Amino acid sequence: MLSLQGKRGLIVGVANDKSIAYGCAKAIRAQGAELALTYLNAKAEPHVRPLAENLGASLILPLDVEQAGQMEAVFAEIAQGWGKLDFVIHAIAFATKDDLHGRVTDCSREGFARAMDISCHSFMRLAKLAEPLMSAGGCLLTMGFLGADKVVGNYGMMGPVKAALQSSARYMASELGPQGIRVNVISPGPLPTRASGGIKGFDALLGKAAARTPLNKTVDIDDIGALAAYLVSDGARAINGQIILADGGYSMVD
């Protein structure tokens, strides 16, 4: 693994020790990067702060992307404390239970708009605020899923939302590339997180993935973290605008 000594980055989406964002934070910190981590609210803070402190995070800040001004406050702290930013990892998604469990055809207008705002538009907002701090270039990463490209049972409206996120990332990669800012998407295979626990029949999906994947195993947050650490490194300097599948080959098997 390439060293990340001297790099500084923001990771959004740690909820507990099973979060993809936490897997990324562990791997990236192990390579020497300095981290800023966020937690959703006061209820989430006791679950996130000990993890962040154990990783030696320099900044531990509240961030609810639905609350006006909170994202700007995070970047103000980063600008004041660091004056630069090398990478941002966006690993948040949300849909109401009714909309997630129902048919896409029946999705409410309000629920779809909220899911798009939290899961997709927040990445654009992070990029806009990060851009001035990446004068020497940088990397923006977000998390997709196979359900953006294929119909995955019970994934419902999150499929269209992730498709929008992945498409947005490609356009952002084109726009920000001339400034040396790379934008990529990691598309993990099914793995157990708090968010995936809300998907109906997810245990069956995990079992199916383990049975059909050529590697005979599902991925875990450490697998995704290792990939994220590489993508934010200088070794990945030529990788831009890509949807990178990290699923053990699950997506290629009929």
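The values are calculated or read from the model by the stated rules, or taken from the named source; none is laboratory data. The shown structure was predicted, so the numbers you read here are calculated from the model rather than taken from an experiment. Cβ placement follows ideal geometry from the backbone for every residue including glycine, while neighbour counts extend to all protein chains displayed.
Here are a few things to note about the model shown:
- Among the residues of the range 60-88, those that are touching a residue at least 40 places away in the same chain (Cβ under 8 Å), under 20 Å from the mean Cα position of the chain (by Cα) and surrounded by 15 or more Cβ atoms within 10 Å (Cβ to Cβ) comprise L63, V65, M71, V74, F75, I78, L85, D86, F87, V88.
- Residue match in the range 27-40 (condition: more than 28 Å from R182 (Cα to Cα), in contact with a strand residue (DSSP E or B) (Cβ under 7 Å, 6 or more places away or on another chain) and not basic (K, R)): no
- Residue within the range 181-192 that is more than 27 Å from N240 (Cβ to Cβ), buried (at least 22 other Cβ atoms within 10 Å of the Cβ) and modelled with pLDDT under 95 present: no
- Condition met for T105 (polar (S, T, N, Q) and more than 27 Å from Q70 (Cα to Cα)): yes
- Condition check for F123: assigned to a loop (DSSP other than H, G, I, E, B) and under 21 Å from A25 (Cα atoms): no
- Options I243, I239, I221; residue that is touching a Lys or Arg at 6+ places or on another chain (Cβ under 9 Å) and buried (at least 21 other Cβ atoms within 10 Å of the Cβ): I221
- Of everything in the range 195-225 that is at pLDDT below 85 and among the charged types (D, E, K, R), the residue that is farthest from Y155 (Cα to Cα) is K217.
- Taken as a whole, the structure leaves A95 outside the set of residues that are touching a Lys or Arg at 6+ places or on another chain (Cβ under 9 Å), assigned to a loop (DSSP other than H, G, I, E, B) and modelled with pLDDT of 95 or more.
- Contacts under 7 angstrom Cβ, first residue in the range 213-229 being more than 18 Å from L146 (Cα to Cα), partner assigned to a loop (DSSP other than H, G, I, E, B) and among the aliphatic types (A, V, I, L, M), 6 or more apart: A229/M1; A229/L4
- Selection status of D117, assigned to a helix (DSSP H, G or I) and at pLDDT below 95: no
- Boolean, R170 is in contact (Cβ under 8 Å) with a residue 24 or more places away in the chain, in a helix (DSSP H, G or I) and among the basic types (K, R): yes
- The condition (being among the small types (G, A, S) and at positive phi) is satisfied by just one residue among G69, G9, G102: G69.
- Residue in the range 49-57 that is surrounded by 14 or more Cβ atoms within 10 Å (Cβ to Cβ) and either under 21 Å from S187 (Cβ atoms) or among the hydroxyl-bearing types (S, T, Y) (or both) present: no
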